[in-house]
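Throughout, read-outs are computed from the coordinates displayed, never taken from laboratory work. It should be emphasised that the depicted structure is a prediction, and the values quoted were computed from it without experimental measurement. No Cβ is skipped: glycine too gets one built from the backbone with ideal geometry, and neighbour counts run over all protein chains shown.
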Amino acid sequence: MVSSLVSETPSAPVQPSVSTKQVAAAIIGNALEFYDFTVYTVFAVYIGQAFFPSKTPFIGLMLSLATFGVGFVPRPLGALLIGRLADRVGRRPAMLLSFLLMGVAIIGLACTPGYERIGIWAPVLAVVFRLAQGFALGGELGPAMAFLIETAPPAKRGLIGAWQSAGQSVASLVGGLVGIGLSAVLTTHMHDVYGWRIAFGLGALVLPFGLYIRRGLPETLHHPEPPKGEIGAHLGADHRLIVGLALGIILTFTTITYVRLFITTYAITTLKLSASVSYGASVVNGFVGIVFTLIGGALSDRFGRRPVMMIPLGIFLVVVLPIFFTMVRMHDAVSLWIGTGLIGALTSLSNGAALIFLTEGLRKEMRSAVLGTTYAIAVAVFGGSTQPLIAWLTETTHQPMSPAYYMLLTTAIGLAAMSMAPETAPHVAHRRMIAKTGSPSVA
């Protein structure tokens, strides 16, 4: 698969390689994050009933989604502090710290009694654990992506780095399957009351494994980095430009990602479909996300990050309204699953290249902190607000197309940012410079 991949770049003095175990160690934290997100959104209605009982189901759902959003508030602080640790001390200790904190928060939330047993302390503890988890998750992406980029051969960075985003889809797929399985084996009462706790508990089972394989990772911080001209930075990808473009690009993919995760709840509350059919959307979302994220990463190695980011997203801009219109009009399993699959395929193709662009455009000495903090700020502002906002818009306007309109707006912003992005894929940029100047040297 990705074991022992060797760089095809002849100018590299040291041929980097990365093993399957190392890729798994790097992506397991982000995967656990999205498993948690998937479980939370899949069971959002029932989590609301446990911590925020209300005579009005919509109010309980909104309070549940607001608690979900609270977890995004401390993410920039976690990204800055853990990212600085990664840039000064090492990628491995930072990745161990973030994963350990994440595990404590997940177990704590799963074990918190409901409102009927401990009263106001139930929502208070739920918020505390979400804040702790948000801090940990903020510090996860920067060190993990830095590790992948620094161990991957330059000509394979797209494919290997795409496993980070693909890991999110693996988690979404597993979360959906867990939801389907629990709805099949539990009674309705057991599912509503205990299903989400069981799902969180199953996620916590990977914690010992994750800590074990991360302890064995090699450290990449202190390895010498190739000269600036060999990593595509000569194309004008200075840090201020990368950070500015990153905010617009991450805004787009964050809102799309959380709308995709919200489709399960949307199918239950707006389309009035059964829980098992709605969980199927999460399975479809996860499966196409895995396949097309990796395809996008591989294509970006061959054709460059920029075209692979922009072309699929441009197609998505055209088809998102018809997709949602069909789901709303048909409100059946087939239209839901096909629509979810199309949305997932197009956006995953683009997302697979975008995160690589943002990571390799930054120098090693600031890569973890700057990437993580920029990502966390964008996700905190737009990721935490997406699901409560579209739930509120759908309810108050009685307009089931609200998620599509929201994605239409944010996608346009992302495409505008991508149109100004330089090419950062090293060998692609090198080929283009040779074609332009007729010389293999880099100025």
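Structural remarks
- Ignoring the sites themselves, the chain has its longest run without GluC sites (Glu not before Pro) in a DSSP loop having at most 15 other Cβ atoms within 10 Å at 220-443.
- Near residue 384: Cβ cut-off under 11 Å, other residues only, Lys/Arg at +1 and Asp/Glu at -1. The net charge is +2.
- Close Lys pairs in the chain (alpha-carbon distance under 20 Å; sequence gap of 8 or more, or different chains): 6.
- Full-extension gain in nm, residue 59 to residue 240, via 0.36 nm per residue minus C-alpha separation: 61.0 nm
- FRET efficiency for residue 331 and residue 419, using Cβ-Cβ distance with R0 set to 45 Å, rounded to 0.05: 0.80
- Nearest-ten-degree value, helix 402-419 long axis tilted from longest Cα axis of the chain: 10
- If you wrap the tightest convex hull around every Cα atom of region 69-166 and split its volume per residue, you get 98 Å³.
- Residue among 313, 284, 115 farthest towards the positive dipole end of the chain, charges placed on Cβ: 313
- With helices as the sole contributors, the chain gives -26000 deg cm²/dmol at 222 nm; each DSSP H run of n ≥ 4 counts as -39500 (n - 2.57), and the sum is divided by every residue.
- Global geometry of the chain, whether rounded, prolate or oblate, following the gyration tensor of its Cα atoms and the 1.5 cut on a/c: prolate
- Computed label-point distance, nm, for sites residue 396 and residue 187 using a 7 Å Cα→Cβ extension: 4.0
- Fraction of C-alpha pairs exceeding 15 angstrom in region 116-196: 74 percent, rounded to a whole number.
- The slack in the chain from residue 315 to residue 338, taken as 0.36 nm per residue of separation less the alpha-carbon distance, amounts to 6.7 nm.
- Longest segment of the chain lacking trypsin sites (Lys or Arg not before Pro) that sit in a DSSP loop with at most 10 other Cβ atoms within 10 Å: 56-271
- Farthest toward positive dipole pole in the chain [+1 Lys/Arg, -1 Asp/Glu at C-beta], among 403, 362, 250: 362
- Residues of region 23-59 with amide N under 18 Å of the 7 Å Cα→Cβ point at residue 118: 47-53
- For region 20-437, a simple Cβ point-charge model (Lys and Arg +1, Asp and Glu -1, everything else neutral) yields a dipole of about 600 debye relative to the Cα centre.
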